[in-house]
1. Out of the residues in the stretch 234-249 meeting the condition of being charged (D, E, K, R) and under 16 Å from Ile214 (Cβ atoms), tell me which one is surrounded by the fewest Cβ atoms within 10 Å (Cβ to Cβ).
2. Scanning for something out of contact with any Gly (no Cβ under 9 Å at 6 or more places or on another chain) and within 25 Å of Leu189 (Cβ to Cβ), does the stretch 24-46 turn up at least one residue?
3. Exactly one condition in (1) surrounded by 16 or more Cβ atoms within 10 Å (Cβ to Cβ); (2) at pLDDT below 95 is not met by Gly187; state its number.
4. Any residue at all in the stretch 130-148 that is under 19 Å from Glu295 (Cα atoms) and not β-branched (Val, Ile, Thr)?
5. Of everything in the stretch 250-263, what is in a loop (DSSP other than H, G, I, E, B) and either in contact with a strand residue (DSSP E or B) (Cβ under 8 Å, 6 or more places away or on another chain) or open to solvent by less than 20 Å² (accessible area, probe 1.4 Å) (or both)? Give them in sequence order.
6. Give the residue, chosen from Arg163, Arg157, Arg171, that is closer than 28 Å to Arg260 by Cα, in contact with a Phe, Trp or Tyr (Cβ under 7 Å, 6 or more places away or on another chain) and open to solvent by 30 Å² or more (accessible area, probe 1.4 Å).
7. Looking only at the stretch 205-233, count how many residues are surrounded by fewer than 18 Cβ atoms within 10 Å (Cβ to Cβ) and in contact (Cβ under 8 Å) with a residue 40 or more places away in the chain.
8. Just for strands (runs of 3 or more DSSP E) wholly inside the stretch 143-234: which have at least 1 residues that are more than 22 Å from Glu279 (Cβ to Cβ) and within 17 Å of the chain's Cα centre (by Cα)?
Amino acid sequence: MKVAVLGAGAIGAYVGAALHRAGADVHLIARGPHLAAMRRYGVRVVSPRGDFTAHPGATGDPAEVGPADVVFLGLKANAYAACGPLIEPLLHERTAVVAAQNGIPWWYFHRHGGPHDGRRIESVDPGGAVSAVLAPERAVGCVVYAATELQAPGVVRHLEGTRFAIGEPGRGLSARCLDFSEAMRAGGLKCPVERDLRGDIWVKLLGNISFNPISALSRATMRQMCLHGGTRRVIETMMRETLAVAEALGCEVGVSVERRLAGAERVGDHRTSTLQDLERGRPLELDVLLAAVVELAEITGVPVPTLRTVHAISDLLALRSAA
């Protein structure tokens, strides 16, 4: 299996290193000092499960890689619409794009069934710009439950979790999902193929939609947000409103708000990815996390006053931080 990792940051390089260790033909696409370090020294993974170093191919030019069987997309969702020149050289007729993104994906209503089948979500696919670059037919959804960070160029610190749940937008068990799952498992990662990945999307989103914007607004860690009574109540309300939207779309989320909060509190003094992006002056990935659910609430007629309020304030923060 030939795998191109487009956006080989902390998660992408970790996946690429694991797949390469299992014998897959892996090519990492990155830039800057991180690329230079991977080309010279390989990818060093520092993990409580055991450290290792892998030496997959690494380049800044996708044309050097050519068409792959799978493109593992490690870019932020707000970079998807502009990634056409990068991804086009990696595609052949049957290339699958495994999109490891948080929040509501651009393909959410592709082969969804029911009254919303095929509908485009403007906040995550504005004007169809993402679908024009990443055809929904190529998409394989991926919900990441692993936590990693770049400790230094070429060095990935694996903090916890090895689960990468994948699934077809149209549900069912496809050969391309089963093949990729097998390669991931051979590399030491958990990669269940879910018959309907949308449940996993909403479970992960319960945390992202609440903790991520609140952390950016408050500069607080997961533990601090959970232990502050007022903030905890706001987060609980955001989660309940999110569950109501999911249920209105016919998706039963198999986790309670209380369990989700307890899990977040156990994470401790972790800074969310949105807070880290704010501190580093990077664009905030809030459209797929928050704006999309507000849009889905409008579609389904579900009242989400707290989500709307937090969205308005965090959207202003995103605009000001980008200025």
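The values are calculated or read from the model by the stated rules, or taken from the named source; none is laboratory data. What you see is a predicted model, and the numbers here were worked out from it, not measured in a lab. In this analysis, Cβ positions are derived from the backbone assuming ideal geometry, glycine residues included, and neighbour counts consider all displayed protein chains. We work out accessible area using only protein heavy atoms, side chains counted, and drop any ligands, DNA or RNA first. Shrake-Rupley method; radii C 1.70, N 1.55, O 1.52, S 1.80 Å.
1. At the first step, the residues of the stretch 234-249 found to be charged (D, E, K, R) are 236, 240-241, 247.
Now drop any that are not under 16 Å from Ile214 (Cβ atoms), which leaves 236, 240-241.
Values: Glu236: 16, Arg240: 13, Glu241: 22.
The qualifying residue surrounded by the fewest Cβ atoms within 10 Å (Cβ to Cβ) is Arg240.
2. Going through the stretch 24-46, the residues out of contact with any Gly (no Cβ under 9 Å at 6 or more places or on another chain) turn out to be 45-46.
Imposing the further condition that a residue be within 25 Å of Leu189 (Cβ to Cβ) reduces the set to 45-46.
Yes: one or more hits.
3. The one condition Gly187 does not meet is (2).
4. Step one: of the stretch 130-148, the residues under 19 Å from Glu295 (Cα atoms) are 130-131.
The next check asks that each one be not β-branched (Val, Ile, Thr); those that pass are 131.
Looking for residues that are under 19 Å from Glu295 (Cα atoms) and not β-branched (Val, Ile, Thr), one finds at least one in the stretch 130-148, hence yes.
5. The first filter runs over the stretch 250-263 and keeps only residues in a loop (DSSP other than H, G, I, E, B), leaving 250-256.
Cys251 - this is the single residue of the stretch 250-263 that is in a loop (DSSP other than H, G, I, E, B) and either in contact with a strand residue (DSSP E or B) (Cβ under 8 Å, 6 or more places away or on another chain) or open to solvent by less than 20 Å² (accessible area, probe 1.4 Å) (or both).
6. Values: Arg157 fails: in contact with a Phe, Trp or Tyr (Cβ under 7 Å, 6 or more places away or on another chain); Arg171 fails: in contact with a Phe, Trp or Tyr (Cβ under 7 Å, 6 or more places away or on another chain).
Of the residues listed, the single one that is closer than 28 Å to Arg260 by Cα, in contact with a Phe, Trp or Tyr (Cβ under 7 Å, 6 or more places away or on another chain) and open to solvent by 30 Å² or more (accessible area, probe 1.4 Å) is Arg163.
7. Of the stretch 205-233, the ones surrounded by fewer than 18 Cβ atoms within 10 Å (Cβ to Cβ) are 217-219, 223-224, 227-230, 232-233.
Still in the list and also in contact (Cβ under 8 Å) with a residue 40 or more places away in the chain: 217, 219, 223-224.
Here the count works out to 4.
8. Values: elements: 147-152, 155-160, 164-167.
Answer list for the stretch 143-234: 164-167.
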